[in-house]
Structures are given as C-alpha cells and as structure tokens.
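Structure first, then comments.
The values are calculated or read from the model by the stated rules, or taken from the named source; none is laboratory data. Because the structure is a prediction, the values reported are computed rather than measured. All Cβ positions, even for glycine, are placed from backbone atoms using ideal geometry, and neighbour counts span all protein chains on display. To get the accessible areas, we keep the full protein, side chains included, count just its heavy atoms, and leave off ligands, DNA and RNA. Shrake-Rupley method; radii C 1.70, N 1.55, O 1.52, S 1.80 Å.
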Amino acid sequence: KAGVTQTPRYLIKTRGQQVTLSCSPISGHRSVSWYQQTPGQGLQFLFEYFSETQRNKGNFPGRFSGRQFSNSRSEMNVSTLELGDSALYLCASSFSQGNHNEQFFGPGTRLTVL
Amino acid sequence: AQSVTQPDIHITVSEGASLELRCNYSYGATPYLFWYVQSPGQGLQLLLKYFSGDTLVQGIKGFEAEFKRSQSSFNLRKPSVHWSDAAEYFCAVGLNYGGSQGNLIFGKGTKLSVKP
C-alpha cells in the first residue's frame, strides 16, 4: 500500500503570496490532519478533515485554511504569506473508525518564505 | 491544558549503550500515547503506541516504552543503541474525544546522537 504523499516537497515563496499544498492519504483512510513544524514552536496541529468536513482546528490565524475532496485528498492554503510561515508542513492520514487510530505521516512540504 | 514535556533536548550515547528518553504528559483523561522518530528531512515514523492494557509496549526497531499513570510518564527505551538510531524522537498524546481519537499534541523532541 502506498504511503501518504505530499506535493510539492519544496516551495519557495515571497511575502504576501499565497500557497497551496497537497496531500494524498493512504488508500482507505478518511481522516487527514495537517501539522506545522518549526524549530521554535515544534510540531503544532493545524486542522483535521474527515469526510470533507473540518472536524478539528488548531490555534492558527484564518490565513491558514484547508479542504478535503471526496476521494479524501486534502489541500491546505496559506494566504498572505509571512516570513514566520516558513516551516515543514506535515500531513497525516488515519482510518479514523473506532478508538485506535494511528496517524501515518507523509514526508512533508518544506516551505520557505523570503 | 494538555501538554507533553520531553525534558532532554539533546542526548548523546555510545553505540551499544542503553537508551532512555523521557516523556511526561498532562491530560485529564486516559491518553493515547505515541512515540515517533524523525530522520533529517523526513516525515514522522511511528515507533510504538499505547492505548490500553499492558503498560509495557513493544515497538519497531527494538524500542519499548512503559506507561506509568502515577508518574504521567511514557518513557522510551532501547537496550542497545545502533548508529542508525541517530534521529529526533517525539512523544505525543492523542486526545480522546469520548473514545474517538482527536489530534496529536507533541513534545518538543529529543535529538539523539550516537558516538561510535
């Protein structure tokens, strides 16, 4: 079974631009979560989507948004980029039925904002 | 508020020596607990997880962890470290929403270096 894939792997943007990152979950997984990883703040939860609905949201400004499609693929968008948005963005998928749902992570998208 | 603390930012051990990485959590309900490993430039790989039952759990690559409710700890151990274990290790709590798992809260990580 293929793992979680994220595209692109690397991105360079300038302040004020917007960016869209994509995540394809493991086949059969219906939940997709997004995390931001920075040296200063560590790993922080952005949001979770399940069956095309945002089920959970972390403490990030409205510039960070996401969506999930009917095939469970997910995108996250960051508008009006700031230097502090430079980070590794990790996507994780899980089956999300029942209690015991481990999350499987993709390799991440490294975003650099200049 | 829920939180995870990994007191050691960086640990260096000799190859073949034993390893223990510490993790303490703060969470009101019964937690779901995880250890992940991250190699440079890579995503996170799950080493092991605790949901319930036996408090000593075995994982991949020879790792094990012990859940101690009285100490709110979930320390990771390995009896003999290999050079390939050099990486960053993250402890995480999975929030329990009425029995369904919510998002993960991560510790800041412990970077492991291995001396030859």
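The single residue among B:ALA86, B:ALA29, B:ALA17 that is aliphatic (A, V, I, L, M), away from every other protein chain (no Cβ under 14 Å), out of contact with any His (no Cβ under 9 Å at 6 or more places or on another chain) and over 23 Å from A:GLN37 (Cα atoms) turns out to be B:ALA17. Residue check: B:LYS78 meets all listed conditions (1) surrounded by 14 or more Cβ atoms within 10 Å (Cβ to Cβ); (2) out of contact with any Asp or Glu (no Cβ under 8 Å at 6 or more places or on another chain); (3) over 25 Å from A:GLY108 (Cα atoms) but one, namely (2).
When restricted to residues that are facing chain B (nearest Cβ under 10 Å) and modelled with pLDDT under 95, region A:2-33 contains 3. Here B:LYS68 meets each of (1) of a type in the set (Lys, Arg); (2) touching a residue at least 24 places away in the same chain (Cβ under 8 Å); (3) more than 9 Å from chain A (Cβ to nearest Cβ) with one exception, condition (2). At least 3 residues being more than 12 Å from chain B (Cβ to nearest Cβ) and open to solvent by less than 30 Å² (accessible area, probe 1.4 Å) is the threshold, and among the strands (runs of 3 or more DSSP E) wholly inside region A:46-106 those reaching it are A:64-68, A:74-78.
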